[in-house]
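Peer 1: Mind looking over this structure? Questions follow.
The values are calculated or read from the model by the stated rules, or taken from the named source; none is laboratory data. If you're wondering where the values come from, they're calculated on a predicted model, not measured in any experiment. Ideal geometry is used to build each Cβ from the backbone, glycine not excepted, and the neighbour counts take in all protein chains shown. Heads up: the accessible areas ignore ligands, DNA and RNA and are worked out on the full protein's heavy atoms, side chains in. Shrake-Rupley method; radii C 1.70, N 1.55, O 1.52, S 1.80 Å.
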Amino acid sequence: MSTQRTISTIRTATPNSVGDGFIGLNAFHPQGSRPFNPFLLLDHHGPMQVQPSERPKGVDQHPHRGFETVTIVYEGALEHRDSAGNKGKLFSGDVQWMTAASGIIHEEKHEREFSRQGGRLDFVQLWVNLPAKDKMSPPRYQDIASSQITTSTLPGGGAFRIIAGDLAGLHGPANTFSPLVVADLALGGGQSETLSIPASYNLMVYVLSGQVTFNDASLTRGQIALTNSDGDTITVSTTTGAKVLILAGEPIQEPLAVYGPFVMNTREEILAAFDDFKNGRMGSLT
Ligand code: MN
């Protein structure tokens, strides 16, 4: 017998810009991330209109330690490079799953040719916490092309893309350090889908566009609803058509120490992160 989860909280994302090229919304950030555990941050940049520029805009080099950044591009194109020598481009549908772990310095920009021509940009960046035992593991990259992501049509007609974890009988390509689910769901007008998810997971739905009914709540673009762990199914439906991001995961029951780009377990580890960064032990961008 399956039971529908009830909604615990609905939050409306607030205007947020990062660097000189990413304008949009923030749904939650590390300081207030406990209810969203194991997720630490959700930024939704766009849809925004990028004006043509010979100099790609974005975020100049900065460090991260202790977690993963997950970038999902829906429209437009991004380009990145980092202190481990990785660089790459992300186009519509592509996902970059970057495990900063022990530390990385990177820059995140509009892709050069996209910047030159201008256009619409729409992407999400998630920060995903790492268990304490993995926070100092070596950095790792998973560049996941859209062609590698399983896409399917659900019984109600919704287009479903699983990026990480297991949902609706599908398995996502991203490797994760703790059990979690990241999935996109696009519904046409009048469509409805019911999905099963382990009751032990924290589970939330963020509306990328349109308007949805999620279990017993009504949500619009930029709103996120968090559920109680009191059931194992969710139902998302829409009259207008909508796109949502489904996030779920086993909570990591460990203390959080947060400062800017570092998310560790203790204050001492945060101070060590600053010291390592200042003294060049997270590498450099050449
Ligand atoms: Mn970053």
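Peer 1: Helix 267-278 sits at what angle to the longest principal axis of the chain, using alpha carbons and giving 0 to 90 degrees rounded to 10?
Peer 2: Between the helix axis and the principal axis of the chain, the angle is about 50 degrees.
Peer 1: I've got another one for you. Evaluated at 25 °C with a viscosity of 0.890 mPa s, what Stokes-Einstein diffusion coefficient in µm²/s does segment 30-70 have when Rh comes from the Kirkwood expression over alpha-carbon pairs?
Peer 2: Details: Rh = 13.4 Å.
So the translational diffusion coefficient is about 184 µm²/s.
Peer 1: If you don't mind, there's one more thing I want to ask. Which chymotrypsin sites (Phe, Trp or Tyr not before Pro) in segment 2-97 pass both tests, a DSSP loop state and at most 16 other beta-carbon atoms within 10 Å? Don't skip to the answer; put the middle values down first.
Peer 2: Values: sites: 22, 28, 36, 39, 67, 74, 91, 97; in loops: 91.
Sparse-neighbourhood loop chymotrypsin sites (Phe, Trp or Tyr not before Pro): 91.
Peer 1: I've got another one for you. Given a Förster distance of 25 angstrom, what is the FRET efficiency for residue 143 paired with residue 113, based on the Cβ-Cβ distance and rounded to 0.05?
Peer 2: Working: r = 18 Å, r/R0 = 0.73.
Calculated value: 0.85.
Peer 1: Let me ask something else. Between residue 152 and residue 254, how high is the FRET efficiency from 1/(1 + (r/R0)^6) when r is the Cβ-Cβ distance and R₀ = 41 Å? Nearest 0.05.
Peer 2: According to the calculation, E is roughly 0.75.
Peer 1: Using 0.36 nm times the number of residues separating residue 266 and residue 6, minus their current alpha carbon distance, what extension gain do you get? Don't jump to the answer; show the numbers that get you there.
Peer 2: Numbers: separation 260, 0.36 × 260 = 93.60 nm, distance 3.33 nm.
Gain in length upon complete extension: 90.3 nm.
Peer 1: Here's another thing I want to ask about it. Between segment 9-76 and segment 115-182, what's the alpha-carbon centroid distance in Å?
Peer 2: Cα centroid to Cα centroid, the span is 15 Å.
Peer 1: So if we plug the beta-carbon distance of residue 235 and residue 14 into 1/(1 + (r/R0)^6) with R0 = 22 Å, what FRET efficiency do we get, rounded to 0.05?
Peer 2: Values: r = 27 Å, r/R0 = 1.24.
The pair residue 235/residue 14 has a calculated efficiency of 0.20.
Peer 1: Here's another thing I want to ask about it. Hey, can you find the accessible area per residue of segment 154-252 for me, probe 1.4 Å, expressed in square angstrom?
Peer 2: Details: 3250 Å² over 99 residues.
Dividing the accessible area of segment 154-252 by its residue count gives 33 Å².
Peer 1: By its C-alpha gyration tensor, with a ≥ b ≥ c as the square roots of the eigenvalues, how is segment 107-238 shaped: rounded for a/c under 1.5, else prolate for a/b larger than b/c, else oblate?
Peer 2: Values: a/c = 1.72, a/b = 1.16, b/c = 1.48.
Oblate, because a/c is 1.5 or more while a/b does not exceed b/c.
Peer 1: Same structure, new question: Spelling out what I want: for every residue of segment 13-18, take phi, set θ = phi - 60°, compute 6.51 cos²θ - 1.76 cosθ + 1.60 (Karplus), and round to whole Hz; glycine and proline get x.
Peer 2: Whole-Hz 3J(HN,Hα) from phi for segment 13-18: 4, 10, x, 7, 10, 10.
Peer 1: Restricted to Cα positions, what overall size does segment 7-278 have along the principal axes? Three whole-Å values, descending.
Peer 2: The principal-axis extents, from largest down, are 52, 46, 32 Å.
Peer 1: Dipole size in debye (nearest 20) for the chain around its Cα centre, Lys and Arg Cβ +1, Asp and Glu Cβ -1? The partial results should precede the final answer.
Peer 2: Details: 22 positive and 28 negative charges, 65 e Å.
Around 320 debye, computed over the chain.
Peer 1: Could you give me the ³J(HN,Hα) list for segment 34-43, computed from phi with Karplus coefficients 6.51, -1.76, 1.60 and θ = phi - 60°, whole Hz, x at Gly and Pro?
Peer 2: 3, x, 9, 2, x, 7, 10, 7, 9, 10
Peer 1: Right, here's the next one. Within the accessible area of the chain, what % is carbon and sulfur when the probe is 1.4 Å and the other protein chains stay in place? Please report the intermediate quantities before stating the final value.
Peer 2: Values: 5970 of 11740 Å².
It is 51 percent, rounded to a whole number.
Peer 1: Given 57/89; 87/109; 135/278; 87/243, which pairs have Cα atoms separated by over 23 Å?
Peer 2: Working: 57/89 14 Å; 87/109 11 Å; 135/278 19 Å; 87/243 29 Å.
As for pairs spanning more than 23 Å Cα to Cα, those are 87/243.
Peer 1: Is segment 80-156 best put as rounded, prolate or oblate by its Cα gyration tensor, with a ≥ b ≥ c the root eigenvalues, rounded for a/c under 1.5, and otherwise prolate when a/b is larger than b/c, oblate when not?
Peer 2: Details: a/c = 2.36, a/b = 1.19, b/c = 1.99.
The shape class here is oblate.
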